[in-house]
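Q: Sharing a structure here in structure tokens format.
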Amino acid sequence: MTDAFFTCRKNVLLAKSPPTQIEGVFAATRGRLVPEEQEALLHKWLEEGTENLPTSESVPAVRKLSVTLSSDWLEGSELLMTSLSDLNTSPEVTRCADQQLSELNALTSSELQEHAGAELAGLPGEETVTSAGSVPWAAEVPQTDHQTADSAGINVEVLNDDPAVLAWSLACDAETVPPVLPAQPIQDAVPFYPVPTEVPYHEILWRDWEDLSVQPCVLEQISKNTSLFEFRVMSYNILAQDLVEQGLDLYVHCHPDILNWNYRLPNLLQEIQHWDPDVLCLQEVQENHYWEQLEPTFKEMGFACFYKRRTGMKTDGCAVCYKHSRFQLISLSPIEYFRPGLDILNRDNVGLVLLLQPVLPEGLGLKAVSPLCVANTHVLFNPRRGDIKLAQVALLLAEIDKIARTAEGSYYPVILCGDLNSVPDSPLYKFIRNGELSYHGMPAWKVVSGQEDFSQQLYSRKLLAPLWPTSLGVTDKCQYVTLCQPKKLGRREYSRDFLLQFRFCDVACERPPQLVLLEGVTDAKPVASARQQSAVTAVLKRHNALSFLSKQCSGVIQHSLNLTSVYSHFLPQRGRPEVTTMPMGLGATVDYIFYSAEPVESKAGECRRLYKDGALKLLGRLSLLSEDVLLMANGLPNPFCSSDHLCLLASFGLEISNL
């Protein structure tokens, strides 16, 4: 008990004495003073503090008094300062048990209260402190044998000298004590300050639907006689529960109740059902939640569902769902980015690529609509490994190229959704949108993600060409080698020495059927030794490898899908960038919906490719929010939005043509 009052008295006087003086003396004597020395030191602080106390601060000094709550009174652990007026709302304050209250009250007799009340009345400009105007509170004091033994030695007369201590003791005598607040499950975490219930989340987080079909540029491309197959696509990172529990330090601003899956699941399903998408692309879908809860619910909503879990020991993955009344499945291709033995592809991220056939309503006659390729992925988060992200995206684009390519060599319309963990001004974003990236010699952190700046590192990883080995079977144009179309034959010149190396190859040893037989001239067949044949084979292999490597060693990768973003990533009415997530309270855009468009000829020197809608037209989108708006709602997740990402939603139209 001695240490308890000693600690409290020390903090009471913090407002009345120089901080350096008090902290220096207290640090030197804490835990080692006998009761007599404590009394002498308290008298010294009292005399110095009373002389320096201004008259105008008499009441505020009592009302705004700082109190220390320590988890270990004997050792004097970390101090937590708060004001008396806020003690009823501050979750840091823990309430005292009835036994502790009785022990503290026993130390303050009725004479102490009367004497202190007279002193309060005598202070110039002070108001009488009553329990009705203050909030009852008490400091939680662990009971130990040492404290119990020392409690009898406390000098009550010493406590009578300071009105601030009186205010502390009067608060302890309150008629009621609220129950102990529930402890937070996160140890050493920043406590949650709940937003008042009257805060209108639905107004703060309101998102407008932007109808783009009425814009002149869209109206010009849609003729009056052209009908459209309209559908909605949603992309949503729903935050796997396992990832929440593994990274609780990322969600210290959230009340534990809103992080509970039983709270989050109904919110997520209600949001999806409200926006009613025809195609749903989800990321961070926990496997057991998918099979036990999400897939059965989505099937009841009319969806056909496909899921791909991340490789290795990961418990979440990606899912693509579509309404079977609107689409039929043509082909499905799951992608695993992990490749054993390749450092550039040693992570467990995955993707899904589907080719869907839109189902036209009955009564349209002989009409047809193009198939639609839908891709969904969640690439690596690590901001330092942009090389891995780039290789993962290249694999995804190669798979899209394979699925979406027509027999004539063109492409079906493509919609690419996902969490790319890259911001809009990053080279990865520009590569997807512009179709080209020169990566050789660039730092890995800068090349792709743009999430963090590691420019101060002396030895940052740099990308070198080729980015991936030839054994991967993907060209620098993000196409599978086996599916590359043969190039047009052109006239080539070779030296005589080069051609002589192939005089004993298999083709040279075969007699052309149109060759006229001339005895002694064309009837001879070249005969080569085994050594010469092996040399020819080695030359051919080396030539093919060098030809392939010469294309990749340029350090430039390309793709031919002509993709552009649904969102502009800027809110002109607010003058702020759009955000799709808020990690650690910082807003960023990492989620995207890309779609096929037709490139427009740009001026010379422009590095940004311009697009206009082609067969696939963007008709509308759900607006995003800015960082300051999300901060007003205590960030993400919150009681209204149950993920740390916002959902993305867009409306498209596919041209319906005559057969």
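Q: For residue 636, are the conditions met, namely being within 30 Å of residue 206 (Cα to Cα), without any contact (Cβ under 8 Å) to a residue 60 or more places away in the chain, among the aliphatic types (A, V, I, L, M) and crowded, with 18+ Cβ neighbours inside 10 Å?
A: yes
Q: Of everything in the stretch 600-628 that's modelled with pLDDT under 95 and hydrophobic (A, V, I, L, M, F, W, C), which residue is surrounded by the fewest Cβ atoms within 10 Å (Cβ to Cβ)?
A: The qualifying residue surrounded by the fewest Cβ atoms within 10 Å (Cβ to Cβ) is 604.
Q: Follow-up question, since we're still on this one. Give me the pairs, please: first residue somewhere in the stretch 600-622 and within 13 Å of residue 212 (Cα to Cα) and among the polar types (S, T, N, Q), second residue anywhere and in a strand (DSSP E or B) and at pLDDT 90 or above, beta-carbon distance under 7 Å, and either six or more positions apart or on two chains.
A: Between residues of the stretch 600-622 that are within 13 Å of residue 212 (Cα to Cα) and among the polar types (S, T, N, Q) and residues that are in a strand (DSSP E or B) and at pLDDT 90 or above, there is no close pair.
Q: Mind checking which residues of the stretch 207-246 are within 34 Å of the chain's Cα centre (by Cα), among the hydrophobic types (A, V, I, L, M, F, W, C) and at pLDDT 90 or above?
A: 209, 212, 229, 231, 233, 234, 238, 239, 240, 243, 244
Q: Hey, can you tell me all the residues within the stretch 251-271 that are aromatic (Phe, Trp, Tyr) and open to solvent by 20 Å² or more (accessible area, probe 1.4 Å)?
A: 261, 263
Q: Now, a different point. Does residue 285 satisfy being over 20 Å from residue 358 (Cα atoms) and hydrophobic (A, V, I, L, M, F, W, C)?
A: So residue 285 fits the description; yes.
Q: Quickly run through the stretch 272-286 and pick out the residues that are surrounded by fewer than 18 Cβ atoms within 10 Å (Cβ to Cβ) and not polar (S, T, N, Q).
A: Listed by number, the residues that qualify are 274, 275, 276.
Q: Next question, about the same structure. Of all the residues that make up the stretch 365-397, how many are open to solvent by 10 Å² or more (accessible area, probe 1.4 Å), among the hydrophobic types (A, V, I, L, M, F, W, C) and assigned to a loop (DSSP other than H, G, I, E, B)?
A: Qualifying residue count for the region: 3.
Q: Considering only residues that are open to solvent by 10 Å² or more (accessible area, probe 1.4 Å) and at pLDDT 95 or above, which ones fall in the stretch 642-659?
A: 644, 645, 651
Q: Could you give every pair whose Cβ atoms fall below 8 Å, whose first residue belongs to the stretch 261-280 and is farther than 23 Å from residue 209 by Cα and at pLDDT 95 or above, and whose second residue is part of a helix (DSSP H, G or I) and aliphatic (A, V, I, L, M), counting only separations of at least 6 or pairs across chains?
A: 264/258
Q: Now, a different point. Please verify whether the stretch 291-299 includes one or more residues that are surrounded by 18 or more Cβ atoms within 10 Å (Cβ to Cβ), closer than 26 Å to residue 331 by Cβ, touching a Ser or Thr at 6+ places or on another chain (Cβ under 8 Å) and not polar (S, T, N, Q).
A: Scanning the stretch 291-299 turns up no residue that is surrounded by 18 or more Cβ atoms within 10 Å (Cβ to Cβ), closer than 26 Å to residue 331 by Cβ, touching a Ser or Thr at 6+ places or on another chain (Cβ under 8 Å) and not polar (S, T, N, Q).
Q: Pull up the stretch 343-359, narrow it to residues that are open to solvent by 40 Å² or more (accessible area, probe 1.4 Å), of a type outside the set (Lys, Arg) and assigned to a loop (DSSP other than H, G, I, E, B), then point me to the one that is nearest to residue 232 (Cα to Cα).
A: 359
Q: If you check 362, 436, which single one turns out to be touching a residue at least 60 places away in the same chain (Cβ under 8 Å), open to solvent by 20 Å² or more (accessible area, probe 1.4 Å), acidic (Asp, Glu) and on the phi < 0 side of the Ramachandran plot?
A: 436
Q: Still on this model: Residue 574 is checked against (1) at pLDDT 95 or above; (2) part of a loop (DSSP other than H, G, I, E, B) and fails just one. What number does that condition carry?
A: Evaluating residue 574 over (1) at pLDDT 95 or above; (2) part of a loop (DSSP other than H, G, I, E, B) leaves (1) as the failure.
Q: Could you please let me know if residue 306 is aromatic (Phe, Trp, Tyr) and surrounded by fewer than 19 Cβ atoms within 10 Å (Cβ to Cβ)?
A: yes
The values are calculated or read from the model by the stated rules, or taken from the named source; none is laboratory data. What you see is a predicted model; the values in this text were computed from it and never measured. All Cβ positions, even for glycine, are placed from backbone atoms using ideal geometry, and neighbour counts span all protein chains on display. Accessible surface areas use protein heavy atoms only, side chains included; no ligands, DNA or RNA. Shrake-Rupley method; radii C 1.70, N 1.55, O 1.52, S 1.80 Å.
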